[in-house]
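In what follows, a structure is listed as structure tokens, so that the remarks can point back to it.
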Amino acid sequence: MQRFFRALKRNLPSFERARIHIFMNSKRAIEHRREDNMKKPVKIAIGAVVVIGFAALVATRIMKPQEELQTKELPAVTLTQATEGSIEQTTSLMGTIQPSDTYYVTPKVAGELIEIYVQNGQTVHAGDPIAKIDNQKQIDAAKSTMDAALASVQAAQLQANTAQDAVNRMTPLYESGDIAAQTYQQTANSAQAAASQVEAAKAQADSAKLNYNTQVEYSTVTAPADGVVQNQNMTLHAMVSQQSQLCVITGDGSKVVKFNVTEDVLQNLSLGQAITVEKGSETYDGMITKISALVDAQSGLFPVEATLSGAAGLTDGASTKLSLVAAEADHTLLVPVDAVYYSGGNPYVYVYADGKVTRKFITTGISDNENYEVTDGLDGSEQIVNSWTEDIYDGAEVRILDADGQTEGTDAATEAATEATETSAAQN
């Protein structure tokens, strides 16, 4: 057995001979400690186990360099270049569906509700009665005022007629010199004043008559436009005032969406700009019709309104998702989103040259689902990596995949990788 190990050691590298030497010393120590208690068959068995173990170790070591000679390919990537083009960045917001025309019906006089003519969901036309209010006291008071004003007109007219008759009688006498000019002038002035009193009395009478007619007319509340009655909350015999909302009449079926935007988004909005509204599986086109320049005090945002096409079936008050173009750029440099990486929040790309990739930080602008706008860091001539692999890093050697997914220069890359592996194995 000793001769076997000596022969085996001569055919192994110095590193492996050292391993065998250590195990041989361990074996001798074990045999020495048990020399007095173990019989020869046991010693032979132990020796056999040791021989088998070392033989397996040597075989593994001899085979390992052959396995390492298998080819290790370089990481494969695809390349692209930045292109010049246009890009739009869309923003998703939440909005509320409302009828295009909304009329809040309030009475124009105060009084008791004595008749209610409509219910929620009822279609009405302009001028149709909504409710009747008992304002008889106001009507009576207005009629009394009107009658008094009409009486004042009659009295003023009588005085004016009398004054004018006096002028008519004195005119021939004045012309013949039978009366003084001063007397005639005083009579004429009185007649003129009486006529002015008639005009003033008529104006007051007209105002009183208008008030009377208004009280009579306003006792019946009518629909201001065609539409559907909503939010009818009237109670029979309840007292109402000019501030009481009796109901709401919505428009003829067309809808609008109302939403709020930040100041940054507001800067890129314009009247007539298109939007898209999503509700369930349906989408609706819209157009911005109102943009408020005043911020809402509660939300701190700016209210915007857009009309919708073909959205009559949407429920009033329903929340919906909408999207619009928040920013856009033309004739700008674009790179695919798959080509952009981040380090510490800073964007960068891998630029390929001479078989290696180099990390290059860039400045980005707006983005969409496919591209980033690059405002600084690239000039458009670079070849950029647009495929991901965990083996890529700054300065890494790579192999390039063509449009068909085949490796460009496969033989050279494989030969280089194999040569490097063989050199490493020979050194071991």
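Laboratory data are not the source of any read-out in this text; all were calculated from the coordinates shown. Computed from a prediction, not measured in an experiment: that's the story for all the values here. Glycine also receives a Cβ, built like all others from the backbone with ideal geometry; neighbour counts cover every protein chain displayed.
Side notes on the structure shown:
- Proximal charge balance of S367 [Cβ under 11 Å; K/R count +1, D/E count -1]: -4
- Shape of region 136-218, Cα gyration tensor, a/c cut at 1.5: prolate
- Listed from fewest to most Cβ neighbours within 10 Å, the set T91, T183 follows the order T183, T91.
- Centroid-to-centroid separation of region 299-320 and region 324-352 [C-alpha atoms, Å]: 33 Å
- Packing-based ranking, highest mean first, of 320-329, 154-163 given that Cβ atoms within 10 Å are counted: 320-329, 154-163
- Entries in K108/K255; K108/K143; K108/K202; K132/K202; K108/K290 that, when Cα-Cα distance is taken, lie over 23 Å: K108/K255; K108/K202; K132/K202; K108/K290
- Residue order, fewest to most surrounding Cβ atoms within 10 angstrom, among V221, V216: V216, V221
- Distance between region 98-125 and region 132-194 - C-alpha centres, whole angstrom: 46 Å
- Packing around the peptides 370-376, 344-350, taken as the average count of other Cβ atoms within 10 Å per residue, puts them in this order, highest first: 370-376, 344-350.
- Zone residues, region 224-263, relative to T315, backbone N less than 16 Å from point 7 Å out along Cα-to-Cβ: 231
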